């Protein structure tokens, strides 16, 4: 049963979140394991000890172990007592002060940071109102020297990669498809997605950057498509193999899934405020039918 907007006695607060995923076992709470959601909710538990304890977060996109985020979005529903407990601090009050208070509990050296918090627009749902998600994947190939300072955020690859071939493969995957080949199957979950953008570039330092955007991603989809791209870039696969494997609609050993450390969730897209509720309802309907 998916979480829906509670009754009017609560206030929905939108949170903007960034984290270094290196030492997290993914987003979702797992018993006796350190996760992003568990860490944030533990801080809220401290903040709201006298006011019902930690409320539950709903996130726009659950990230896997080792995946980072600079533009994650979540929401939380606060009771009047919890909202009232957010005293004025440095000109902030109520929902606007939640991020500030949580950062204070986490400390300056924390690997998860609240970038901001605010009262959510009517109908907003961090997960179901979203229209697209954008990720970035970074690779140092053998054409440049490895930088040890970015080893937890950039994949080092032991070959020189052909970026033109990689873009040929990436472009062939755009559009509405069944991405079963590039997803880890989950029971009762659809693998049909619309891939809106997938392109590789090199920055001034020579690092390859993949920008990937879709309406949503199934489990492991981005890292699988990156893994395919790396094999194409090295010449182990042809750019045309991307579609041939896609059409097979089954998992394959023709390429390796790329490691998590190069992947960062960069941005979540939402419609205008007056379309948030309709978008959430439509997304729920689609998920229920899948």
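Quick note: the coordinates plus some simple rules give every number you see, no bench work behind them. Everything quoted here is computed from the prediction, not taken from an experiment. Every residue, glycine among them, receives a Cβ derived from its backbone with ideal geometry; neighbour counts consider all protein chains shown.
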field: Sorted by Cβ density within 10 Å, fewest first, the residues 224, 172
entry: 172, 224
task: Would you mind calculating the relative contact order of the chain from Cα pairs under 8 angstrom and at least 6 residues apart, reporting the percent as a whole number?
output: 22
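Rounded to a whole number, what is D in µm²/s for the stretch 151-290 from Stokes-Einstein with the Kirkwood radius over alpha-carbon pairs (37 °C, 0.692 mPa s)? Numbers along the way, then the final one.
Working: Rh = 16.1 Å.
In µm²/s, the coefficient rounds to 204.
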field: q = 0.17, 0.19, 0.21, 0.27 Å⁻¹, the stretch 100-155: log10 I(q)/I(0) [Debye, one scatterer per Cα]
entry: -0.88, -0.93, -0.96, -1.06
query: Using the C-alpha gyration tensor of the stretch 11-129, what are the square roots of 5 times its eigenvalues, in whole angstrom, with the largest one first?
result: 22, 16, 14
- request: Using Rg and Dmax of the Cα atoms in Å as the read-out, say which of (i) 29.4, 121; (ii) 19.8, 66; (iii) 20.2, 60 was calculated from these coordinates.
  value: (iii)
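Per-residue ellipticity at 222 nm for the chain, helices alone: DSSP H runs ≥ 4 residues times -39500 (n - 2.57), over residue total, nearest 500 deg cm²/dmol? Mind showing how you got there, number by number?
Numbers: 7 runs with 71 residues, N = 290.
It lands at -7000 deg cm²/dmol.
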- prompt: For the stretch 165-196 and the stretch 126-155, what is the separation of their C-alpha centers, rounded to whole Å?
  reply: 19
